[in-house]
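S.K.: Following this message is one structure expressed as structure tokens.
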Amino acid sequence: MLLEHLPSNQNIKEVVGIGLGPSNLALAIAVDEQGEDSSNWLFLEKNEECMWHPGMLLEGARLQISFLKDLVTLRNPRSFYSFINYLKENGRLDEFINLSHFNPTRIEYVHYLNWVKSHLPQKMMQMGAEVISVNPVANSNSGINLLKTVYRNRDGEVASVISKDIVVAVGGTPFIPELFAKSRIKPIFHSCNYLHGIASYSSNKPHQFCVVGSGQSAVEIILHLAERFPDSTILSIQRNATFKPADNSPFVNEIFFPRNADFMFDLQNRHNRKRVMDFYHDTNYSAVDIELLETMYHKMYNDKWRNKPQIQLCPFTDIVEVNEQGHKVKLVTRNNLKDEPLSYFEADAVILATGYERKTLPAFMDNLLPYFVYDEDELAINRSYQVQTNDEMKARIYLQGMSEMTHGISDTLLSILPIRANDILQDITNDAAANKEKIKEAVL
């Protein structure tokens, strides 16, 4: 078990935030607006800019939520950092209203994130800083009160910062099916790398693409491939029957209200929580916006009457073998519903639109694992998104976006960012205030 000792004259931060995507940006805004001393906070981000699914920033692709669910409006509708004020400051408010569309494009959303970053106190953040490890620091006989975050800066130098607490918000881990995880075949890549992965393919040549998955990303990729590579064929492989529409009806959509984090957490029963999650599963998982499905269906219909089919659907299909043959990928598949002979396909590239998983902690937290408490096989997290630890660990570790089973389906989405940020900040500041009061009473 790695345990470091506190160096003399070491500057100690109150909080280090790891990652500066939407979740920790929302927290940074809350810190700034609620008058906290920004010099006590430091956010480390491995990229030079704020990023959000860069591999899927397709031209024209939109968010699946309203612009009102930005980084701050649900907490403070009068904020300078709201999306509406971003539009006003950039001279586009009238035109955006004239679009009559509640959902901004993803590209504009990322521009909004970086506009927010540019207006926050710059001493709060260090860009180009990739975290290597977080280590417990022994500084007293009363347990571990501090954490040392080690990172590599943009110049390749290793540096560190010590803090009382950390807030980790690094997004999900791309889910790679086991069969593909064992493979090192280059023309296979996850949707998170989609734009980079297809950049080397000429749009003037015919290609054979295979897209694995049945959710929003899969359909977006299929349509993008069809438009960018008009002479190519696209194979859509999915384990179930077909694409299903996301349920965006108003009563169902109330599950994304921030108050439902209380509802989920208060259930305190894994079976009941799973019942709720199963009921709302098709609001977010393996579900596609109905307008996008209609666009794809019209595309396939028009291809059919022109006798130029470009998209081939393969339902109820399992991939049982994957090999490299020359510069192509060879797939062996079987129908999981019927007893049929195996099928064989070749593809120039296989794109895995297989989503993300949010249970695996980032490797830089490995040295903290011995201190964590688990509820059966799930990491125990309290209502304020703090990881439960043993008695030795006094420093606090908060996780953003990894509490779906305890806080609800909206935890991995953009819907509740401002409220969750406020929950975390209040927990940190209230505890700090309580400690100061204890010190004051002891002195008196």
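S.K.: For the stretch 225-243, give me each residue that is part of a loop (DSSP other than H, G, I, E, B) and surrounded by fewer than 23 Cβ atoms within 10 Å (Cβ to Cβ).
M.R.: Phe229, Pro230, Asp231, Ser232, Gln238, Arg239, Asn240, Ala241, Thr242
S.K.: Of all residues in the stretch 298-321, how many are surrounded by 12 or more Cβ atoms within 10 Å (Cβ to Cβ) and either under 28 Å from the mean Cα position of the chain (by Cα) or under 30 Å from Val252 (Cβ atoms) (or both)?
M.R.: Number satisfying all stated conditions: 10.
S.K.: Please go through the stretch 400-431 and give me each residue that is within 18 Å of Leu20 (Cβ to Cβ) and in contact with a Leu (Cβ under 8 Å, 6 or more places away or on another chain), ordered by number.
M.R.: Gln400, Met402, Leu414, Leu417, Pro418, Ala421, Ile424, Leu425
S.K.: What about Ile12, is it surrounded by fewer than 18 Cβ atoms within 10 Å (Cβ to Cβ), over 21 Å from Phe80 (Cβ atoms) and among the β-branched types (Val, Ile, Thr)?
M.R.: Yes; evaluated as a whole, the condition is true for this residue.
S.K.: In addition: Of the residues that make up the stretch 70-78, is at least one touching a Phe, Trp or Tyr at 6+ places or on another chain (Cβ under 8 Å), assigned by TED's automatic domain parsing to the domain that holds Ala129 and of a type outside the set (A, V, I, L, M)?
M.R.: Within the stretch 70-78, one or more residues are touching a Phe, Trp or Tyr at 6+ places or on another chain (Cβ under 8 Å), assigned by TED's automatic domain parsing to the domain that holds Ala129 and of a type outside the set (A, V, I, L, M).
S.K.: Grab the strands (runs of 3 or more DSSP E) fully contained in the stretch 248-349, keeping just those with 1 or more residues being under 22 Å from Ala61 (Cβ atoms).
M.R.: Where strands (runs of 3 or more DSSP E) fall fully within the stretch 248-349 and carry at least 1 residues being under 22 Å from Ala61 (Cβ atoms), they are 311-314.
S.K.: Within the stretch 227-253, count every residue that is more than 27 Å from Asp318 (Cβ to Cβ) and touching a helix residue (DSSP H, G or I) at 6+ places or on another chain (Cβ under 7 Å).
M.R.: Number of matching residues: 1.
S.K.: Does Pro206 fit the bill of being without any contact (Cβ under 8 Å) to a residue 40 or more places away in the chain, of a type outside the set (Asp, Glu), touching a strand residue (DSSP E or B) at 6+ places or on another chain (Cβ under 8 Å) and not assigned by TED's automatic domain parsing to the domain that holds Ser410?
M.R.: The answer is yes for Pro206.
S.K.: Please state which of the following conditions Tyr151 fails to meet, knowing it meets all the rest: (1) touching a strand residue (DSSP E or B) at 6+ places or on another chain (Cβ under 9 Å); (2) surrounded by fewer than 21 Cβ atoms within 10 Å (Cβ to Cβ).
M.R.: (2)
S.K.: Among the numbered criteria (1) in contact with a helix residue (DSSP H, G or I) (Cβ under 9 Å, 6 or more places away or on another chain); (2) surrounded by 15 or more Cβ atoms within 10 Å (Cβ to Cβ); (3) under 28 Å from Arg420 (Cα atoms), which one does Lys123 miss?
M.R.: Failing condition for Lys123: (2).
S.K.: Related question: When you go through Leu57, Leu71 one by one, which is the residue that is surrounded by fewer than 20 Cβ atoms within 10 Å (Cβ to Cβ) and within 24 Å of the chain's Cα centre (by Cα)?
M.R.: Every option except Leu57 fails the conditions.
Condition check ((1) over 30 Å from Met402 (Cβ atoms); (2) among the aliphatic types (A, V, I, L, M); (3) touching a helix residue (DSSP H, G or I) at 6+ places or on another chain (Cβ under 8 Å)) across all residues:
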| residue | (1), (2), (3) |
| --- | --- |
| Asp278 | no, no, no |
| Asn284 | no, no, yes |
| Asp289 | no, no, yes |
| Met300 | yes, yes, no |
| Asn323 | yes, no, no |
| Lys330 | yes, no, no |
| Leu337 | yes, yes, no |
| Arg358 | no, no, yes |
| Phe364 | no, no, no |
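S.K.: Only residues in the stretch 248-269 that are in the same structural domain as His407 (by TED's automatic domain parsing) and free of Cβ contacts under 8 Å to residues at least 24 places away in the same chain count as the first member; pair them with residues that are in a helix (DSSP H, G or I) and loosely packed, with under 13 Cβ neighbours inside 10 Å, Cβ under 9 angstrom, at least 6 apart or cross-chain, and list the lot.
M.R.: none
S.K.: Still on this model: Can you give me the number of residues within the stretch 35-54 that are modelled with pLDDT of 95 or more and either surrounded by 20 or more Cβ atoms within 10 Å (Cβ to Cβ) or part of a loop (DSSP other than H, G, I, E, B) (or both)?
M.R.: Counting residues in the stretch 35-54 that are modelled with pLDDT of 95 or more and either surrounded by 20 or more Cβ atoms within 10 Å (Cβ to Cβ) or part of a loop (DSSP other than H, G, I, E, B) (or both) gives 13.
S.K.: Give me the pairs: first residue in the stretch 34-58 and within 30 Å of Asn193 (Cα to Cα) and touching a residue at least 60 places away in the same chain (Cβ under 8 Å), second residue among the hydrophobic types (A, V, I, L, M, F, W, C) and part of a loop (DSSP other than H, G, I, E, B), beta-carbon distance under 8 Å, and six or more apart or on different chains, which are they?
M.R.: What qualifies is Phe43/Leu20; Leu44/Leu20; Leu44/Ala129; Glu45/Leu20; Glu45/Ala129; Lys46/Ala129; Cys50/Leu20.
S.K.: Could you give me the residue pairs with C-beta distances under 8 Å whose first residue belongs to the stretch 355-383 and is in contact (Cβ under 8 Å) with a residue 12 or more places away in the chain and within 30 Å of Ser286 (Cβ to Cβ), whose second residue is assigned to a strand (DSSP E or B) and aromatic (Phe, Trp, Tyr) wherever it lies, and which are 6+ apart or on separate chains?
M.R.: Leu379/Phe372
S.K.: Is there a residue being of a type in the set (Asp, Glu), touching a Ser or Thr at 6+ places or on another chain (Cβ under 9 Å) and either more than 14 Å from Ala26 (Cβ to Cβ) or surrounded by 12 or more Cβ atoms within 10 Å (Cβ to Cβ) (or both) anywhere in the stretch 79-92?
M.R.: So far as the stretch 79-92 goes, no, none of its residues is of a type in the set (Asp, Glu), touching a Ser or Thr at 6+ places or on another chain (Cβ under 9 Å) and either more than 14 Å from Ala26 (Cβ to Cβ) or surrounded by 12 or more Cβ atoms within 10 Å (Cβ to Cβ) (or both).
S.K.: Is there a residue in the stretch 98-112 that is in contact (Cβ under 8 Å) with a residue 60 or more places away in the chain and crowded, with 16+ Cβ neighbours inside 10 Å?
M.R.: yes
S.K.: Could I ask something else about it? Please determine, by comparing only the residues of the stretch 355-404 that are among the acidic types (Asp, Glu) and either outside any loop (DSSP other than H, G, I, E, B) or out of contact with any strand residue (DSSP E or B) (no Cβ under 9 Å at 6 or more places or on another chain) (or both), which one is farthest from Ile144 (Cα to Cα).
M.R.: Glu357
The values are calculated or read from the model by the stated rules, or taken from the named source; none is laboratory data. Everything numeric in this text was worked out from a predicted model, so none of it was measured. Using ideal geometry, Cβ is built from the backbone for each residue, glycine included, and neighbour counts are taken over all protein chains shown.
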